Amino acid sequence: MMFTRIALAFAISLVAVPAVAQSQPKAVVELFTSQGCASCPPADALFAELAKDPRLIVLTMPVDYWDYIGWKDTLALHGHSVRQKAYAEKRADHKIYTPQAVVDGVHAVKGSDRAALQRAIISDPSNGRALSVPIKARRNGDVMEIEIPEAAAPPEGAELWACPVASSKSVTIDRGENGGRDVTYSNVVRGWMPLGTWDGAKQRLKIKLSDIQRDEVDQIAILLQAGTSSAPGPILGATLLALQ
């Protein structure tokens, strides 16, 4: 995966600021979808509902591997296809399809299956490792400040990522399996920025929002994930910071 590295500053003093990220989430749910997939609109609609739940971090990850069938997905990032494949290689089933949802970096289910999603969200993946690290994020002017506490049981390795997110994107699909449809996507990930690795020690980071923001981006998702981008494990901690 090709990403742009950004400058980090550690050991800063956090001050009171107007914008603060949501409280500790119940689950992180990623949807791998495509504008060229006829079975995806029901999942896209379901995720629009889930995105309204403040206990969840819901992220839409449009993939590009259906672009050849008549319509190029206007929101797809190749990195999303790579991420989905990396997840599949870690699981016993090795299945890649759309719509596919991955909960907390561990459970994969059909993205339009509400009951299966609910079961995955309330489960305790990876013996409690998932979302075991509370992450705080806040905005101070043009700076995002992130705080990660010291871990009681340090992970073997983890990476920290910042993802600019557009809370809503509406697309008119002209051709392909969904030709003639208007589809609205919720919490669309528009990029991936590596913020460094984490070994379990307490960290405080300060990052310029101008290095992360994109057009129409109004949120930043912070993901702390075990493993590496090529072999992702459970999501250890996450938060979603609204920019408006």
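Here are some notes:
- Helix-only [θ]222 nm of the chain, DSSP H runs n ≥ 4, -39500 (n - 2.57) each, per residue, nearest 500: -4000 deg cm²/dmol
- Dipole magnitude of the chain, debye to nearest 20 (Cβ charges: Lys/Arg +1, Asp/Glu -1, about Cα centre): 280 debye
- Protein accessible area in the chain, 1.4 Å probe - carbon and sulfur %: 50 percent
- Taking a point 7 Å out from the Cα of Asp218 in the direction of its Cβ, the residues of segment 163-192 whose backbone N falls within less than 17 Å of it are 164-171, 184-190.
- For segment 59-216, accessible area per residue (1.4 Å probe, heavy atoms of protein chains only), Å²: 48 Å²
- Largest GNM mean-square fluctuation among Ile69, Ile173, Ile121, using the chain with Cα springs under 10 Å: Ile69.
- Spatially close Lys pairs in the chain, defined by Cα atoms under 16 Å apart and a spacing of eight or more places or different chains, total 9.
- Summarising the label geometry, the points placed 7 Å from Cα in the beta-carbon direction at Asp53 and Arg175 lie 3.8 nm from one another.
- Dipole of the chain computed with +1 at Lys/Arg Cβ and -1 at Asp/Glu Cβ about the Cα centre; of Ala27, Gly70, Val58, farthest Cα towards the positive end is Ala27.
- Shape annotation for segment 93-189: C-alpha extents along the principal axes are 52, 42, 21 Å, from largest to smallest.
- Here the Debye sum runs over all C-alpha atoms of segment 141-244 as equal scatterers in vacuum, and log10 of I(q)/I(0) at q = 0.11, 0.19 Å⁻¹ comes out as -0.43, -0.95.
- Percentage relative contact order, the chain, counting C-alpha pairs under 8 Å, at least six apart: 28 percent
- Summed residue charge, Cβ within 11 Å of Asp142's Cβ, Lys/Arg positive, Asp/Glu negative: +2
- Percentage of interatomic Cα-Cα distances in segment 77-119 larger than 13 Å: 51 percent
- Computed log₁₀ I(q)/I(0) - Debye formula, equal Cα scatterers, no solvent, the chain, q 0.13, 0.14, 0.17 Å⁻¹: -0.76, -0.89, -1.31
- For segment 187-244, the equivalent ellipsoid built from the Cα gyration tensor has semi-axes of 21, 14, 11 Å, listed from largest to smallest.
- q = 0.13, 0.18, 0.21, 0.24 Å⁻¹, segment 32-142: log10 I(q)/I(0) [Debye, one scatterer per Cα]: -0.55, -0.98, -1.23, -1.43
- Helix axis angle, 41-50 relative to the chain longest principal axis, alpha carbon, degrees: 30 degrees
- For segment 228-244, 3J(HN,Hα) per residue [Karplus equation, 6.51 cos²θ - 1.76 cosθ + 1.60, θ = phi - 60°, Hz, x = Gly/Pro]: 9, 5, 8, 9, x, x, x, 7, 7, x, 6, 7, 10, 9, 7, 9, 10
The values are calculated or read from the model by the stated rules, or taken from the named source; none is laboratory data. All values reported here derive from a predicted model rather than from experimental measurement. Don't worry about glycine lacking a Cβ; one is built from the backbone with ideal geometry, like all the others, and counts go over all protein chains shown. SASA here: full protein model, heavy atoms, side chains in, ligands and nucleic acids out. Shrake-Rupley method; radii C 1.70, N 1.55, O 1.52, S 1.80 Å.
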